[in-house]
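Structure, as C-alpha cells:
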Amino acid sequence: MQKLANHPKYILIIWSWWKRTAPAFLASGYEVWAVEGKPSDRLVLIDERADYAAIIAQLLADETQTDALVFLHRRSHNPVEDLKSVTDALRSADAGALRKAFAFSDGRDYLYLSANEWGLIGNEGQLWYSSGGTKMRSAEAAANTVRRTHFDKVWQYYSQQCKRKLLELKEELLAALWVLPVAQSTEAVDNQTWLRAFKKEKPLLYARLLDLANEDSPKFNMLLEQAEQKSQEKLRFGECRLNFSELNPADARAQYQHLADFIRDGIVNLEAPVLVSDSLRMLRDRFDDLLHALPESTYP
Amino acid sequence: MTIHCITSEASVLATFERRLAQENIAVQLLHDARKPWNAPDWLHVERLVLFTPFLYENQYVAAEKIWQSWLKKTHPRIVFFTAGFCQSDLGVANHLDLMNLPKSLRDFFAQQSSDLSPTTVDTEGLQLHHKLARFFDGHGKESIFDVLSDITRLIGMAVAGAQRHGDSFEIIREDFLQKLPAKWAELNNRWLNYYALLCCLPVADTLRETNALIAKVDQNYMGGICEQAELFQEETLLNLLNDIHKQLFKVRQTCL
C-alpha cells in the first residue's frame, strides 16, 4: 500500500454562498478560510454563479503539490457531467498530488451538518446548521477559521470514499462469484450462459459491476437507482468513475481503464467459451492493480 | 488434518470446505468474524486460517498482523495462515490465494511455523494493527500510558497534599484535581473511539474488562472528583487506574 506525502490540503466548495447576507459574500466570487491548527490547509468557498473553474485554476496554479477536494452543488441529474467542468482546472501536473471532485445536494451527503455532526456546510450559504433550537457550527466566523475536526473528518471521508467502494465491491463480488459451481469447475462453459444465471441470482451485484465500468444498461441502472432510494446508500460509482479516469495519477487512470475494459470485454460482452476460474482471476488482478495504484488509504 | 477458520463469509467457507474435503482435510469454523470475538476452546486447534479482509462493523478489516503476533505469544504451537481474494505477494508463504489455489492444499497446510516468514499479505483492508498502534501511541501526542500516568500522578499528589501536608480541599482542587476532567476526557474519548472496532480481536475479553474498569472510574469518581472531598482519597480509585494500565499493557504486549 502506498502512502500519501504530507501535502497542504484544500477543500473547495462551490455552492450558493451568495445567499449569505451577514456578512455579504465577496464580489471576487470566493473566500479563503484558515483551518484551525493547520497553517497550510484551506477551506475555499466559491460562488456557484462565478466562473468557478477559472477560480480553481487560479487558486491551484502555484499549488501543484497541494492535495485538493472540490465539491460542486449538483445542477442536473447527471453530476458526473457537471463535474467535468472542473476536472481540467483541478488536475495537477504533479502525480503525487491527490485531487478529487464530488457532487452534493439535498442535505444528505456527508458534507452537510444536517447529515453528519462533523460536516462542513449547513443552512444555505452558511457554515452552521440549526434545527429545533440547536445550532451546529463547523467554523468560527469571526476568525474566518474552520474547525479542524470538521475539516479532517470531511477530508478523510471523501479522500477514501472511492477506494473504499472499490474494495468493498471487489470483496462482495468475488465472494459471490467464487462460490458458483461453475467457478470451481475445470471445464470451459459458454460465457453468456453462466453470466445469465449470475445476473438472475445477484442482479444488484451485477448492476454495480456494470456501473463501475460505465456499461450502459437502462434495466440495471434503474435497479441501482431503486436500491439507492431504498437503502439511502450511494451504490453507484458516479463521481468515482470520473475521479478514476480523469483525476488520479496516470498509472491509476490506466489501471481503471484496464479494469473497465476487462469488465466490458472479458465478462459482460464476451461471447465465447471460458474457464470461469481464469476470468475471475483476471478480474481480481485488475481490481488489485487499481487498488494498489491508488495512493490513499481505504479506511481511516 | 483439521483446519480451523475465522471468516465473515459463510458461503465461501462452505465452498472451501468442499474443496478441502477432496484432500481429506476437515474444516471447522472457529469464529464468525462478523461478530465480536468470544474466546473459543483452543485445545484442538493446530492450524488456523484467518480469511482476510473480513467484514466487521461494515468495514473490511485486515487483522492478520495482530493475529500473528498474538498467536506467537499466546499459542505458539498453532500454525497461522491467511486466505482470501488477494494475490499472494512474493515472500508471503502463509497466504492462500483463493483465486490461485496450489495443487496440493495438504502440502500447503503441512507447512510449519518455522517454514513461514513473518511477512503477512497486504489486502488494502482496514489496517487494524495501525489503528491499535495509534490508540496506544496517540497521533504524535501523548501515549495512552502517558495520559494514565498523568492522571495517576495528579491523584497521588492530591492524596499526598491532603494526607501528608494537611492541605485544604480547595487548594488540592486548584493545584491538582481541576486538571483531571480534561485528562480523563482525553483517555475516555480515545477509548470510546477505538473500543467497538477492537472487539473483533482475540483480546476482546481483556478489552471488555478494561471497558468495565473505565466505566467504573467514569461513573463513580470522575464526575464528582472536583466537588466531593473524599473521592480522590479512595484507594479503590488508584487500584482501578492501575488495573486499567495492566490490562492495556497486556493488550499491547500480545498484539503489537
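Every read-out reported here was derived from the displayed coordinates using simple, explicitly stated rules and does not represent laboratory data. All values reported here derive from a predicted model rather than from experimental measurement. Every residue, glycine among them, receives a Cβ derived from its backbone with ideal geometry; neighbour counts consider all protein chains shown.
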### Query
Rounded to the nearest 0.05, what FRET efficiency is calculated for A:S76 and A:M222 with R0 set to 25 Å and r the Cβ-Cβ distance?
0.85
#### Entry: Extension gain (nm, one decimal) between B:A26 and B:D107, 0.36 nm per residue minus Cα-Cα
27.7 nm
### Query
If you place +1 on the Cβ of every Lys and Arg, -1 on the Cβ of every Asp and Glu, and leave all else neutral, what size is the dipole of chain B about its Cα centre, to the nearest 20 Debye?
600
#### Entry: Spread of Cα-to-Cα distances over 5 Å intervals beginning at zero, given as percent, for region A:68-145
3, 14, 20, 18, 17, 15, 9, 2, 1, 0
### Task
Among DSSP beta bridges whose residues both lie in chain B, state the antiparallel percentage, nearest 5.
15
### Task
Give a residue-ordered list of calculated ³J(HN,Hα) values for region B:241-247 (Karplus: 6.51 cos²θ - 1.76 cosθ + 1.60, θ = phi - 60°; whole Hz; x for Gly, Pro).
5, 5, 5, 4, 4, 4, 5
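Helix-derived [θ] at 222 nm for the protein assembly as shown: sum -39500 (n - 2.57) over DSSP H runs of at least 4, divide by residue count, nearest 500?
Result for the protein assembly as shown: -14000 deg cm²/dmol, rounded to the nearest 500.
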### Task
Using label points projected 7 Å from each Cα along Cα→Cβ, tell me how many nm separate A:T21 and B:K72, to one decimal.
6.7
### Query
Can you work out the FRET efficiency for the pair A:S105 and B:H165, with r the C-beta to C-beta distance and R0 = 41 Å, to the nearest 0.05?
0.05
### For chain B, fraction of C-alpha pairs farther apart than 33 Å, in %
34
#### Entry: Qualifying lysines (Cα of each under 25 Å from Cα of A:K199; at least 8 residues distant if same chain)
A:K163, A:K165, A:K170, A:K219, A:K230, A:K234
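Rounded to two decimals, what is Rg over Rh for the protein assembly as shown when you use alpha-carbon atoms and the Kirkwood radius?
Ratio of gyration radius to Kirkwood radius for the protein assembly as shown: 1.01.
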### Task
Calculate the dipole size of chain A relative to its Cα centre from +1 charges on Lys and Arg beta carbons and -1 charges on Asp and Glu beta carbons; express the result in debye to the nearest 20.
720
### Extension reserve of the B:A39-B:Q178 stretch, reckoned as 0.36 nm per residue once the Cα distance is removed
46.0 nm
### Task
Specify which residue in the list B:H130, B:V251, A:S245 is farthest towards the positive end of the charge dipole of the protein assembly as shown, using unit charges on the beta carbon of Lys, Arg (+1) and Asp, Glu (-1), about the Cα centre.
B:V251
### Task
Determine, for B:T206, B:T52, the number of other Cβ atoms within 10 Å of each Cβ, and report the residues in order from fewest to most.
B:T206, B:T52
### Task
Using DSSP to define loop residues, name the GluC sites (Glu not before Pro) in region A:214-248 whose beta-carbon has at most 10 other beta-carbon atoms within 10 Å.
A:E233
## Note on the structure
Expressed as a percent, the portion of alpha-carbon pairs in region B:48-194 spaced more than 25 Å apart is 51
#### Entry: Ranked B:H139, B:H31, B:H44, criterion: other C-beta atoms within 10 Å, fewest first
B:H139, B:H44, B:H31
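If we count other beta carbons within 10 Å of each Cβ, what is the order of A:V179, B:V251, fewest first?
Details: A:V179 18, B:V251 21.
Listing A:V179, B:V251 from fewest to most nearby Cβ atoms yields A:V179, B:V251.
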### Query
Between A:K38 and B:E234, how many nm apart are label points set 7 Å from Cα along the C-beta direction?
4.1
### Message
I'd like the projected area of region B:1-47, averaged over all directions, using the convex hull of its alpha carbons. Report it in nm² with one decimal.
### Response
3.2
### Query
So how tilted is helix B:204-217 from the main axis of chain B? Cα-based, degrees 0 to 90, rounded to 10.
10
